[in-house]
Structure formats: C-alpha cells, structure tokens
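Here is the structure we will look at.
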Amino acid sequence: MIGERGTAHQEHWLDPARVRFYRSARGNLVMRLGEAEHQGVEVRRAFPLEAADGLIGFFLADGSELGLIADPGRLDPTSRQVLIEELDKIYFRPVITHIRTIGEEFGVVDIEVDTTYGPRHLEIRGIRDSIRMLSGRRALVVDVDGNRYELRDWHLFPKLTREILGL
C-alpha cells in the first residue's frame, strides 16, 4: 500500500527472519509469519520482467495483503527454496538458449528452439505484438498459445534471425 508521500507503509514490509514457507500435506503453500500460520497464500512478483528476484507480495485467498519482502534472498534456505518453487510454477518462463531453425511464411514465424526446459516448437504471429524488448539485451517472446519465453543476449544471434524477429 502506498502512503500519501509515495512510500510504502512500514507495517507492510515483512522481516525475512520472521517468515517461514513450507508445504501443507496437500502441497499448498503455507506461510508462517511469527506465530500466525496462513494457508493457501498467493505470491506475486512486483516486477516480474525487470526485477524478478526482488520485491515479492503475499496475499490471502480473499485478496487481502499480508505484506512484502524486498529481498527474498534473506529467507532461510528451506523457505527460499519453497518460495522459488512456487514462483516458478506461477511465472513459468523458459529461456531460449539456442535457435535451431527459423522461418517466416504469411506473417507467421516458425521457430525450433532449445530452452532451459528442453526443445520447443514456437509459432509467433504479429512480431510487433509478440516480442517485447526488455532491459539488458533481453526480449520476451510470446507464442500463439500465449506461452512466454525469454531471449537473453539477443544481439548474439545471427543477423537474419534478429531481422526476422524484429530485434
């Protein structure tokens, strides 16, 4: 929550030393905050594209805010791992590591790629709407099925590949 002067209220910042994450018997995320235990906590990144490893928000199922952690790296190792697993489920975004083939026909780009989650076949329509430039020579690629992929160091790809992708 933002105060009148544009700063977050102090009570919304959570101390990572007082927060623990673990899974219930059913595999749901549980957050222990001091003595209070919260089942079914929803997790959201404040800046999922540009600062994915920072500022994480925690919410109850009814949408009410539990608080924010500025640096999840300060959580205990077990809690940090559980949180990372939860975020990876929500923000699934493989990184394209290699483009094996690329072609374009009738405005559809057809690509065979290797990703951090294995090989994939992508179809991309409307390059201008499907590829978003990010900072640090990164790009976000959205295929026709709505899957998101990250392209890192796109400037290292061959010139023809960059031209087809509009980079």
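Values in this text are rule-based calculations from the coordinates and carry no lab data. Here the structure is a predicted model, which means the values were calculated and not measured. Heads up, the Cβs are rebuilt from the backbone with ideal geometry, glycines too, and the neighbour counts pull from every protein chain shown.
Of the Cα atoms belonging to segment 95-165, the radius of gyration and Dmax stand at 10.9, 31 Å.
The C-alpha atoms of the chain define a longest principal axis, and helix 77-90 lies at about 50 degrees to it.
Evaluated with a Cβ-only charge set (Lys, Arg +1; Asp, Glu -1), the chain carries a dipole of roughly 300 debye about its Cα centre, given to the nearest 20. For the chain, the alpha-carbon radius of gyration amounts to 1.27 times the rule-of-thumb value 2.2 N^0.38 Å expected for a compact globular protein.
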